[in-house]
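A short reminder: the numbers here are calculations on the coordinates, not readings from a lab. Bear in mind the structure is a predicted one, so any value in this text is a computation, not a measurement.
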């Protein structure tokens, strides 16, 4: 668990088309988020880290 996060964040929405290995074309919508900063860990220590959510 992460608490007390002080970070810079970036957000991107990617929209397009993708073709599967079966040859079928699909609509694609992806939400990508990245944060980098200082956080407090469960044990109370302060740490620096980078996190990505895809």
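What is the gain in length, in nm to one decimal, between residue 6 and residue 30 on full extension, counting 0.36 nm per residue of separation less the C-alpha to C-alpha distance?
Additional length available on full extension: 6.1 nm.
Shape verdict for the range 3-53, please, from the Cα gyration tensor: rounded (a/c under 1.5), prolate (a/b greater than b/c) or oblate.
prolate
Quote to one decimal, in nm, the extra length available between residue 17 and residue 43 on full extension: 0.36 nm per residue of separation minus the C-alpha distance between them.
Extra length from residue 17 to residue 43 when fully extended: 5.0 nm.
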